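Comments concern the structure below.
All of the numbers you see were taken from the coordinates with simple rules; none came from a lab. None of these values were measured; they are calculated from a predicted model. Note: ideal-geometry Cβ built from the backbone for every residue, glycine included; neighbour counts use all protein chains shown.
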Ligand code: 3PG
């Protein structure tokens, strides 16, 4: 795996964030880092995503920074120019995928079927997102698919939380999970940074307790 994907694997849990304003970017990332999660997938679900990525990239270079909910080539370009090291999408759009790969970026398209996973792998995606993971059959489905797609690697998001995270991370073809459970939008809006740090630390503790 390249160095970015290696870091995704080592951190294991990637917080998925929808920022309401650029002012939240640094305090939230500092709260995540204090809890042991130096990573963020900043989603283009809100208009300030690009500016938040830029700010985090400039001020917190130790954060592993990705862009999420990237639906268009233009968003992908803006995310990469702002400093995102990887691009995530909820679905598999071959054009956007190819565009990111052609630009030398790392693309993790959202997939839910063996067909989409196979196409994304053949296009050059080293890791694909499995989304929404729980609603699509969770780790049991991936074990079935993984028996055939033995070199496919997944990042799973959608319904992952402290209770089921280790079901996912315990399967060796899953390199990481993502989720909002430690940084829900009401907590971000309320500036509940200590609570976010505590939830992040809990997530890390649960993961570290995993017996492989
Ligand atoms: C994502 O975009 O990856 C998901 O919306 C995160 O899902 P969750 O809110 O269930 O963690």
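For this structure, a couple of remarks:
- Residue order for 207, 123, fewest other beta carbons within 10 angstrom first, comes to 123, 207.
- Length gained on full extension, residue 51 to residue 184, computed as 0.36 nm times the residue gap minus the Cα-Cα distance: 45.9 nm.
- Each of residue 9 and residue 163 was given a label point 7 Å from its Cα along the Cα-to-Cβ line. The distance between the two points is 3.1 nm.
- Here the chain carries DSSP beta bridges of which approximately 0% are antiparallel, counting only pairs with both residues inside.
- Protection proxy ranking, peptides 81-89, 59-67, 187-195, average beta carbon neighbours within 10 Å, highest first: 81-89, 59-67, 187-195
- More than 23 Å apart - percent of Cα-Cα pairs taken over the stretch 3-204: 38 percent
- Spatial separation of Cα centroids for the stretch 83-158 and the stretch 30-66, in angstrom: 22 Å
- Rounded to 0.05, the FRET efficiency of the residue 172 and residue 122 pair, given R0 = 22 Å and the Cβ-Cβ distance, is 0.50.
- Distance (nanometres) between label positions extended 7 Å along Cα→Cβ at residue 198 and residue 74: 4.3 nm
- The calculated FRET efficiency for the pair residue 1 and residue 205, based on their C-beta separation and a Förster distance of 30 Å, comes to about 0.75.
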